[in-house]
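Structure record follows, encoded as structure tokens.
Each value in this text was obtained by applying a stated rule to the coordinates, not by laboratory testing. Everything quoted here is computed from the prediction, not taken from an experiment. Note that each Cβ is placed from the backbone with ideal geometry, even for glycine, and that neighbours are counted across all protein chains shown.
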Amino acid sequence: MSSEKRSGEEKELYIDLSNIPLVPTSKRDIQKLETALIIATLYSPEVIELIRDPVERATWVDSLAVAASALARQKAGYPISRIAEEVGRSETMIRAHLAGKTKAGKLVLKTYERLLRGELRIKLPFAGIGIPVTAPGLEERVKELEAERKQLEERIKQLEEEVKRLEQERKGLEEERKKLEERIKSLEEELEKNRSELEKKTRAIEEIRRIIESV
């Protein structure tokens, strides 16, 4: 939900964030929280000033997107290894963002804390007052992330199928192992029985020999 505020020539759009899931329980919830964190952080006064520089713009948009993606997944209970795999960054970098050791991570954490306290509203100024409605590079980055997400979803599907196949193979091997163990046990029992019979035969032969020798 949004509301528009007019003051002379100045127009501002406020976005209601009350429905954003703070503790995601599904991929859709993660996407909602991730998007809110990215947009709210991008439109913070500090970041708006930073992304005015064309050189810094692409780097900041990417860093904030990674930090927001990592935090949204952490709040959903994902382990660091899975976050790193899905986001496409090293575990070291993910930990740095989540701990607020990077500038992007610190800003995103600050945004989440404000969201948690119910203090956050995204203010989007209209074009014509010096600040563009759409953050430069954001739309392109969203498209890139969508493409990366699609690739990850396809890869996850492939991995799930591979895991399923290997699980079936494992079950087959487990059954084969049980059969082999039963066969080994049977052979050991037969071996023990034959040893016992051999000992009996050996004692019988020795007894007969003693009788023959004593005659």
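Name the residue farthest towards the positive end of the dipole of region 139-184 from the options 145, 159, 172, assuming +1 on Cβ of Lys and Arg, -1 on Cβ of Asp and Glu, about the Cα centre.
172
Please compare each pair in 32/164; 27/110; 178/200 to a cut-off of 25 Å on the Cα-Cα distance and tell me which ones are over it.
Over 25 Å apart, Cα to Cα: 32/164; 178/200.
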